[in-house]
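**Student:** This is the structure I want to talk about, given as structure tokens.
The values are calculated or read from the model by the stated rules, or taken from the named source; none is laboratory data. Quantities reported herein were computed from a predicted structural model and do not represent experimental measurements. Note that each Cβ is placed from the backbone with ideal geometry, even for glycine, and that neighbours are counted across all protein chains shown. Please note that ligands, DNA and RNA were not included when accessible areas were found on the heavy atoms of the full protein model with its side chains. Shrake-Rupley method; radii C 1.70, N 1.55, O 1.52, S 1.80 Å.
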Amino acid sequence: MRQIDGHTRLCGLIGNPVEHTISPVIHNTLAEREGRNMVYVPFHVEKGQLRKAIEGAFALNALGLNVTVPYKSEAIGCLAGVDEIAEKIGAVNTLVRTEKGYKGYNTDATGLYRAMRSEGISVEGEEILILGAGGAARAAAFLCVSKGAGRVYMMNRTEEKARKVAKEVNDAFGRESVVPMRLEDYGALPAGRRYLAIQATSVGLYPDADAAVMEDRAFYERIHTGFDLIYRPSCTRFMKLVRDAGGKAYHGLKMLLYQGVEAYELWNGTSVSEEDVIIVYDKMKEAMGIEE
Ligand code: NAP
């Protein structure tokens, strides 16, 4: 246990619920590795208390906050500034202290990018399928277009939602990059190529681990790489179906890792070494009982 004293800086997570988070493993391990006098604590914030929580943290001189479900969009209204890409996405997950209040960032998107890069997956020029049109899918779509992906097909159960997100992304970048589709219409995807697929629905999340958003083998034969944002379980049914059809598949724990690493870097004005990233990742896997 590190010494807490009068100089200890506070960072934390606000959300509801926060009880199962493993973010403290990321930040407290990094602080310990770097000998930084900082602690990271989760705070369960009740509905209607978000503004008070953010203003209270600022008044208490807290260095920074992470924001999780259900407050990632609502938090924007309580900030002194918002980073450009986070503003486009319409959601923040990291608040960085400035003189006048907190500035919001979205390290979910950049964390996803760093996670994919660390697995050797490139987005630039790729034809991409994004499954889902919720908050995570939206961040993924902004990321892919901002990094110069080719066409991005946003495939969702509710087509209307995919259409709305696609329009917002296309309007933000001034080009028609995102094409909304219903999942079951995958047969209409341009033939003769295989795709990178980002699984951003909540289907398959523990304890519903036997489910996948799509079962058809013909769909999975169109995928060369599947990146599931879900990390609990560490091998989802989606990942298994991708592998069975000959593709490579990854879970989302590295996205969680890198969104945390990037938040830590923003708070502390530092760049975390690759050696420390690996140590943190091992600790996260240990905390989750993942052996690979
Ligand atoms: P969300 O906003 O609630 O969106 C959920 C999405 O899943 C929607 O597109 C929804 O489709 C779809 N969906 C839900 N149930 C479905 C079903 N039975 N059949 C077909 N589609 C279904 O959730 P989110 O915040 O985007 O999160 C999505 C996933 O990403 C979660 O599992 C979350 O744990 C994961 N995530 C991981 C990280 C990480 O760091 N690795 C970060 C963020 C999120 P409709 O529009 O039709 O309802």
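**Student:** So how do C78, C144 rank on accessible area, 1.4 Å probe, biggest first, that is with the largest at the start?
**Tutor:** Ranked from most to least accessible, the order is C78, C144.
**Student:** Another one. Where does each of 200-206, 215-221 land if you order them by average Cβ count within 10 Å, highest first?
**Tutor:** Packing proxy ranking, top to bottom: 200-206, 215-221.
**Student:** Across all directions of projection, what mean area in square nanometres is found for the Cα convex hull of the chain?
**Tutor:** Seen from a random direction, the Cα hull of the chain projects 15.4 nm² on average.
**Student:** Let me ask you something else. Taking Cα atoms of the range 134-214, Rg/Rh with Kirkwood Rh, to two decimals?
**Tutor:** Rg/Rh for the range 134-214 comes to 0.97.
**Student:** Restricting things to Cα coordinates, could you compute the convex hull volume per residue of the range 180-261 in Å³?
**Tutor:** 99
**Student:** Taking the Cα centre of each part, how many Å lie between the range 63-79 and the range 270-288?
**Tutor:** The distance from the Cα centre of the range 63-79 to that of the range 270-288 comes to 24 Å.
**Student:** Count the net charge of all other residues whose Cβ sits under 13 Å from the Cβ of Y220, scoring Lys and Arg as +1 and Asp and Glu as -1.
**Tutor:** +2
**Student:** How large, in percent, is the carbon and sulfur part of the accessible surface of the range 17-137 at a probe radius of 1.4 Å?
**Tutor:** Carbon-and-sulfur percentage of accessible area, whole number: 51.
**Student:** Calculate the spin-label point distance for E274 paired with K248, positioning each point 7 Å from the Cα along the beta-carbon direction, and give it in nanometres.
**Tutor:** For the pair K248/E274, the computed spacing is 1.6 nm.
**Student:** Kirkwood Rh over Cα pairs of the range 1-40 into Stokes-Einstein at 25 °C, 0.890 mPa s: D in µm²/s?
**Tutor:** The diffusion coefficient I find is 225 µm²/s.
**Student:** Amide H to amide H under 5 Å from K147: which residues, 5+ apart in sequence or cross-chain, H placed 1.01 Å off N in plane?
**Tutor:** The answer is none.
**Student:** With both partners inside the chain, how many of the DSSP beta bridges are antiparallel, as a percent to the nearest 5?
**Tutor:** 15
**Student:** While we're on this one: Please find the FRET efficiency linking R157 to E46, where r is the Cβ-Cβ separation and R0 is fixed at 35 Å, and quote it to the nearest 0.05.
**Tutor:** After rounding, the FRET efficiency stands at 0.70.
**Student:** Moving on to the next point. If I compute solvent accessible area with a 1.4 Å probe over the protein chains, what percent of it on the range 159-279 is carbon and sulfur?
**Tutor:** The value for the range 159-279 is 50 percent carbon and sulfur by accessible area.
**Student:** Do any of K103/K285; K47/K100; K88/K254; K88/K161; K52/K100; K47/K161 go past 19 Å between their Cα atoms, and which?
**Tutor:** K103/K285; K47/K100; K88/K254; K47/K161
**Student:** Calculate the tail of P(r) for the range 225-292: the fraction of all Cα-Cα distances greater than 17 Å, expressed in %.
**Tutor:** 49
**Student:** Continuing with the same structure: Just how far, in whole angstrom, is the range 184-252 from the range 94-145 if you go by their alpha carbon centroids?
**Tutor:** So the separation of the two Cα centres works out to 19 Å.
**Student:** Something else now. I'd like to compare 123-132, 107-116: which one has the highest average count of other Cβ atoms within 10 Å, and what's the full order after that?
**Tutor:** 107-116, 123-132
**Student:** Can you give me the distance in nm between label points at L60 and T21, each placed 7 Å from the Cα along the Cα-to-Cβ direction?
**Tutor:** Result: 1.2 nm between the two label points.
**Student:** Follow-up question, since we're still on this one. For the range 93-152, what ratio Rg/Rh do Cα atoms give with a Kirkwood hydrodynamic radius?
**Tutor:** Ratio value, two decimals: 1.07.
**Student:** For the range 119-179, take every pair of Cα atoms, bin their distances at 5 Å starting from 0, and report each bin as a whole percent.
**Tutor:** 4, 22, 35, 25, 10, 4, 1
**Student:** Per Stokes-Einstein, at 25 °C and 0.890 mPa s, what whole-number D in µm² s⁻¹ belongs to the range 136-292, with the Kirkwood radius over Cα pairs as the hydrodynamic radius?
**Tutor:** D, rounded to a whole number, is 144 µm²/s.
**Student:** Here's another thing I want to ask about it. For T158, T29, give me the order by solvent-accessible area with a 1.4 Å probe, most accessible first, ignoring ligands, DNA and RNA.
**Tutor:** Greatest to least solvent exposure: T158, T29.
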